[in-house]
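Input: a single structure, listed below in structure tokens.
Computed from the coordinates by the stated procedures, all read-outs in this text should not be read as laboratory data. All figures in this text were calculated on a predicted structure; none of them were measured in a lab. For neighbour counting, all protein chains shown are included, and Cβ atoms are generated from backbone atoms with ideal geometry for every residue, glycine included.
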Amino acid sequence: MTGIDLLNFSGINEENLNIVKERFDSTIVVRGDSLFLKGEENEVSLIEKIFNELIFLQKRQGKISLKDVNLVLELINSNEFKQDKVKEKLGFTPNELNNVILSRKSDFIKPRSSNQLEYFNKVQDNDIVFAIGPAGTGKTYLAVAFAVSALKNKEITKIVLTRPAVEAGESLGFLPGDLSEKVDPYLRPLYDALEDMLPFEKLEGYIEKNVIEVIPLAFMRGRTLNNSFVILDEAQNSTTMQMKMFLTRLGPNSKAIITGDVTQIDLPKKEHSGLIQVEEILKNIDDISFVYFEKSDVVRHKLVKDIINAYEKLQ
């Protein structure tokens, strides 16, 4: 039961578990951080469904109460344990449990399109995933959600988010402030995603302790990142050598996501985008996968799709 507050899940004096035990003949035992079921196959399967819904509720709300347990049992006992009824009463469907990436205070983050679902599955199954597509398709936001979820579940111990500090019509030299202040605007979208997923105090603590780093791509050189979730955003603005440098930073028990939009390259013409070249170079390597997003995957304001279409007509 990874990532579960087992004390809250069991309830005071195991009252949450006891109320489930009273309804069934099966044996339900908690040992350490594991929960064991023994009994008739159909009944055990039903109890597993109950616990799965309660686990989901705890991840979504941060805790569960005796009221939550009674509500799920009520759905079972009234033969209403169907997706539409559960959706109506609990705000989610049983099948959504397996697709939830991250639970927040008032809602949860999960794939919202078929390509986002493919993204989710490929990140689970591969150590390096490239997410390529237009703006607004959730590439970066979901990547950060994957990383935060892995950190919360203690699958990794560090998150590193990075972007190339490449000018898009501006020059770093003319921007005010020291180097940190100059590159901050390039990294701001990554901070925005983090702030949407973590309480400010917790995020501040993670950054102070170097559990979460948000840095320019140039600062990655020479490092080896173990037990880490590493994200390279705006990868279309990395050169071939920068892309190679980034990919070779990965250490044991680490994952990497590389996101980018090949229609928004800000590199000088003499430079070749590392994102465009990398698919041909890495296409036959196991544990590396590519996901492609389309305009239909845009999840920002409804006008974003129209804006993308309008600009495409000019090309």
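Things worth noting here:
- Thr240 versus Glu14: modelled label distance in nm, points set 7 Å from Cα along the beta carbon direction: 6.4
- Hydrodynamic radius (Kirkwood) for the range 194-315, which is based on Cα pairs only, to one decimal in Å: 16.9
- Tail beyond 13 Å, pair distance distribution of the range 110-154 (Cα, percent): 54
- Label-to-label distance for Ser26 and Phe200 is 4.5 nm, based on points extended 7 Å past Cα in the beta-carbon direction.
- Local electrostatic count, Val230, Cβ distance below 9 Å [Lys/Arg +1, Asp/Glu -1]: +3
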